[in-house]
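To start, the structure itself, in structure tokens.
The values are calculated or read from the model by the stated rules, or taken from the named source; none is laboratory data. The structure presented is a predicted model; accordingly, all values stated were derived computationally and were not measured. Note: ideal-geometry Cβ built from the backbone for every residue, glycine included; neighbour counts use all protein chains shown.
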Amino acid sequence: MELINNIAKARGGVSIFGRVGERTREENDLYMKMKESGVINEENIAESKVALVYGQMNEPLGARSEVSALLGRMPSVVGYQPTLNIEMGSLQERITSTKEGSITSIQAVYVPANNLTDPAPAMTFSYLDASTIPSRGLATKGIYPAIDPLDSTSTMLQPWILGQEHYETTQRVKQTLQRYKELQDIAVILGLDELSEEDRSTIARARKIEHFLSQPFFVAEVFAGSLGKYVGLAETIREFQLFLSGELDGLPEQAFYLVGNIDETTAKAMNLEMENNLKK
């Protein structure tokens, strides 16, 4: 819902919930209604920009897996049908861009037992430009959107596409979070005092980055009691560079939770300090 909201407000896009099932007439009805409403403009295809959100892309694979044995096919890895690769390819290759127009598809993929190496999700991810992986661990901490920045990937994360500054900032942030992940078990067993000063600084900085990646949702304003926030790309890059340079090391960790930009973080840190002084 937040993605749909941001597409509408930031890009002027229109999102449509089709609720299309397995019957072919439902897909045909959706296509005809999109033409009638002007979402698909046949006279000027370039103006027709539609993002398709597919739910549970693993369902076709699961259904074929169930009937594979009945058809006398020898089961493959984890019981999937031996034709898994061909079937997924024939489906994904239909979702493509041509000279007549382009398609942006956002696919929801079920990952069995959080196993990203399962043949069905692994095969699906191989056809996607980017993957956004949710994290139960982050959701347990109350950090939303609960997206794991280390497991999530993008083929566009290249310096000649993003620019050198954006690319280097992203890589350094991921390195900091990866080092924090490696140090977590050591810190639990030995304690923070047994770590080097550099490692303690890395953990503190990574925890602040983790909290800063939380975002107040526009669609949850009524429930959360706080306004949604949207931070632009250029500002986001600049603020993460402040993290990496150590300029924000003096601010408390709580100040980075569910805020927009660094200005709001600084203001929240001042309020927290005032509250602590009043308690004393």
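A few points about this structure:
- Residues that are surrounded by 13 or more Cβ atoms within 10 Å (Cβ to Cβ), modelled with pLDDT of 90 or more, under 29 Å from Q215 (Cβ atoms) and among the polar types (S, T, N, Q) are absent from segment 140-148 altogether.
- Within segment 159-168, not a single residue is touching a strand residue (DSSP E or B) at 6+ places or on another chain (Cβ under 7 Å), farther than 14 Å from L258 by Cβ and outside any helix (DSSP H, G or I).
- Taking each residue of segment 94-107 that is in contact (Cβ under 8 Å) with a residue 60 or more places away in the chain and surrounded by 14 or more Cβ atoms within 10 Å (Cβ to Cβ) and looking for partners that are outside any loop (DSSP other than H, G, I, E, B) and not charged (D, E, K, R) with beta-carbon atoms closer than 8 Å, six or more apart or interchain, yields I106/L3; I106/A51; I106/L52; I106/V53; I106/Y54.
- Just one residue in the set E165, E239, E194, E182 is of a type in the set (D, E) and either closer than 18 Å to A255 by Cα or touching a Phe, Trp or Tyr at 6+ places or on another chain (Cβ under 9 Å) (or both); that residue is E239.
- In segment 194-270, counting only helices (runs of 4 or more DSSP H) that sit wholly within it, the ones holding 1 or more residues that are modelled with pLDDT of 90 or more and of a type outside the set (S, T, Y) span 197-212, 233-245.
- Residue among T132, T155 that is modelled with pLDDT of 90 or more and surrounded by 15 or more Cβ atoms within 10 Å (Cβ to Cβ): T132
- S15 vs. criteria more than 23 Å from P134 (Cβ to Cβ), at pLDDT below 70, surrounded by 11 or more Cβ atoms within 10 Å (Cβ to Cβ) and among the hydroxyl-bearing types (S, T, Y): no
Let's see how each residue does on (1) surrounded by 12 or more Cβ atoms within 10 Å (Cβ to Cβ); (2) within 23 Å of the chain's Cα centre (by Cα):
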residue	(1), (2)
F240	yes, yes
F243	yes, yes
L251	yes, no
F256	yes, yes
G260	yes, yes
K268	yes, no
L272	yes, no
K279	no, no
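- Across segment 127-152, the number of residues qualifying as part of a loop (DSSP other than H, G, I, E, B) and of a type outside the set (S, T, N, Q) comes to 14.
- Segment 79-126: number of residues that are part of a helix (DSSP H, G or I) and among the hydrophobic types (A, V, I, L, M, F, W, C): 9
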